1. Among the listed residues A306, A348, A340, which satisfies the condition of being under 28 Å from E98 (Cβ atoms), at pLDDT 95 or above and small (G, A, S)?
2. Considering only residues that are acidic (D, E) and surrounded by fewer than 15 Cβ atoms within 10 Å (Cβ to Cβ), which ones fall in the stretch 1-46?
3. Go through the stretch 224-237 and give me each residue that's under 15 Å from S262 (Cβ atoms) and either among the acidic types (D, E) or out of contact with any Pro (no Cβ under 9 Å at 6 or more places or on another chain) (or both).
4. Among residues belonging to the stretch 243-261 that are over 19 Å from A277 (Cβ atoms) and in contact with a strand residue (DSSP E or B) (Cβ under 7 Å, 6 or more places away or on another chain), point out the one that is surrounded by the fewest Cβ atoms within 10 Å (Cβ to Cβ).
5. Would you check if L106 is hydrophobic (A, V, I, L, M, F, W, C) and either closer than 18 Å to I17 by Cβ or surrounded by fewer than 21 Cβ atoms within 10 Å (Cβ to Cβ) (or both)?
6. Which count do you get for residues in the stretch 278-290 that are within 28 Å of A219 (Cα to Cα) and surrounded by fewer than 16 Cβ atoms within 10 Å (Cβ to Cβ)?
7. Go over the candidates T183, T115, T128 one by one and state the one that is among the polar types (S, T, N, Q), at pLDDT 95 or above and more than 15 Å from T227 (Cα to Cα).
8. Restricting to the stretch 59-97, count the residues that are free of Cβ contacts under 8 Å to residues at least 60 places away in the same chain and assigned to a helix (DSSP H, G or I).
Amino acid sequence: MSYGLIRAGEEAELADIQASAFVVSNEHAMKWLERSGSEHLRVLRSSGRVVAGLVQIPMGHFIGGAPVPTVGIAGVAVALDARGESAAKSLMKACIREVASSGAALSTLYPSTQTLYRSVGYERAGKTAEYSIPLTNLECTTSDEGLRVRRLTDEDRPQVEAMYRAVAIERHGSLDRGPYMWTRIYDPYGRVVRGFGFFDEGELEAYVYLSQQRPDPLALRHDLWATDLQSRSARGYAAIFKFVRHQRSLAENLELYGVPCSPLLDLMKENRYDETAGEDWMVRVCDAKAALEQRGYPSMLKVEVAFRLHDELLPDNDGVFCLRVEDGRATVERGGEAEASLDVRALAPLYTGYAAPRTLARFGALEASERALRVLTAIFAAPTPAMADRF
């Protein structure tokens, strides 16, 4: 089997594999691949024939208030007659090696199966959620005084994206979106989306991008789906609430992806909404040194700890590392006397703060001295990592 970029003429083969895996039409699969961009498509060939493929999505995570480059993985699919031959595992191993060599510290995905991705070093590392809020219950505890709404245009996108980044960097685990993810906000396949901004004398304070969808094609009433909804203040959320609530003559619910403990929910007068836990996202640490040095840490901390990291797939990750944290940043060097030991799978939830060191130790994923447990707890203390984006 050989792995690499998709070649001209192979798009139809990959689209057919995607269509059969995800039960969509070949036309739908082909459109998605075209929108993803051929430079982001990877395939696995056997005897010259495409037997599996995936999409790579360059982006980042905000971890500890700092951006860490990651490559999102989507659309992993294997031809029906090539299953059972380790094609998916071969595809993912080659992809991880490529990501590591590209300079991205992490890889992130939403798993269709945990078994496959755990076998190549991914582990659950963050949360997501989905909300349905009846518009009649969308009342805010504060006022939107001073904000004015207007329709957003393409010219507003730089201001929208700058505002998103200013808010997202404060939310542990949020995506540092790239072009692919912004396309899913502005122009998702098969939906018409309209954006509305809420301004204070020309300064954008909040925005929402909405599409309309009918649960029943024959029904008059419909739901609103927010592809994105962000605010830099309580006043901004109040403006969004009022604007969306005004659509209740024909719309019934506001649907959106979100994060647990969202500030949006704290500002509702009553807790009248449905919350569904989404599947946890998984992370693979592809460059341990870069990942540890690029994320942020508690600013008042000054500590160091050496640990033994095991990684059978990526030799550069395998060995003893000394992690030093000071003034909110880290330096990592090889060597030292290890006080802790873990494999690359366990590093992912430790790194994001999804699992506490003592929890990992209790379940046998981490071996550490008492001192090392205390130091690691201080280093990786963080809110629950979460993001609203799906890919």
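The values are calculated or read from the model by the stated rules, or taken from the named source; none is laboratory data. None of these values were measured; they are calculated from a predicted model. We place every Cβ from the backbone using ideal geometry, glycine too, and count neighbours over all the protein chains shown.
1. The unique qualifying residue is A348.
2. E27, E34, E39
3. A226, D228, L229, Q230, R232, S233, G236
4. Here the residue is L250.
5. So L106 does not fit the description; no.
6. Selection size over the stretch 278-290: 0.
7. Only one candidate passes the filter, namely T115.
8. So the count comes out to 5.
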